[in-house]
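Participant: My structure is below; once you've seen it, I'll send some questions.
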Amino acid sequence: MSGDEEIAAPDFGNGEAAEPEGDLESPEGESVMDPVSVEELLATLEVVTAERDQHLGDLQRVSAEFANFRKQMDKRQADQAAQAGARIAESLLPVLDACDAAVQQGVEGVGPIAGFLLGELERAGLETIADEASPFDPSRHEAAMSEPADDDQTEPQVVEVLRTGYAWNGRVLRAAMVRVRG
């Protein structure tokens with residue numbers, strides 16, 4: 001087809017070709033093909049741009065809120081997992097105490113089992129608080145007995161551990177019961 005040929009108007013079955021009749025009208029009677037001024041187009045563009053910017057701002061705000069929510073949920077889940085581990089470790093403390101008592105009584109075969117149990121718990125986050133000859137720390141030690149200080153001693157000192165204390169990932173589960181000098 002060359003550029004000089006005319007395209008025939010469609011035939012709608014009644015033998016007459018459809019001819020455009022000027023401006024088309026909408027159902028409300030307004031002209032659909034009225035020319036729009038540049039000022040009207042610019043005003044519409046400004047309105048659409050403002051709406052776009054508002055929607056973009058809303059999207060960014062919602063995205064930031066969701067990211068914060070996700071971080072809070074991840075932290076909450078990690079805290080709950082740590083608390084569950086601490087509860088399990090705390091429930092096993094009487095078993096460790098019984099193993100220690102059995103070893104002190106000379107019961108054979110308990111030492112390796114107690115060592116294995118303690119090793120596994122330490123790998124999971126259990127820390128033993130049984131530090132003799134260290135400064136007394138009321139957040140980690142419970143003073144069950146005390147004795148007078150030496151002349152050159154300025155602060156209370158742990159002399160003997162009467163019952164081992166334990167911490168789980170830095171949080172004290174049970175303070176060590178100690179004898180203190182000073």
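Every residue, every condition in (1) surrounded by 14 or more Cβ atoms within 10 Å (Cβ to Cβ); (2) in contact (Cβ under 8 Å) with a residue 40 or more places away in the chain, yes or no:
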position	(1), (2)
VAL110	yes, no
GLU120	no, no
THR154	no, no
TYR166	yes, yes
ARG171	no, yes
MET177	yes, no
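Participant: Follow-up. Scanning for something more than 27 Å from the chain's Cα centre (by Cα) and either within 19 Å of ALA175 (Cα to Cα) or aromatic (Phe, Trp, Tyr) (or both), does region 67-76 turn up at least one residue?
Facilitator: So far as region 67-76 goes, no, none of its residues is more than 27 Å from the chain's Cα centre (by Cα) and either within 19 Å of ALA175 (Cα to Cα) or aromatic (Phe, Trp, Tyr) (or both).
Participant: Here's another thing I want to ask about it. For VAL180, indicate whether it is part of a strand (DSSP E or B) and either of a type in the set (Val, Ile, Thr) or within 40 Å of the chain's Cα centre (by Cα) (or both).
Facilitator: Answer is yes for this residue.
Participant: Can you tell me which residue is nearest to THR164 (Cα to Cα) among those in region 122-134 that are within 28 Å of the chain's Cα centre (by Cα) and surrounded by 14 or more Cβ atoms within 10 Å (Cβ to Cβ)?
Facilitator: GLU127
Where a number appears in this text, it was derived from the coordinates with a stated rule and is not lab data. Quantities reported herein were computed from a predicted structural model and do not represent experimental measurements. Here Cβ is always computed from backbone atoms with ideal geometry, including for glycine, and neighbour counts include all displayed protein chains.
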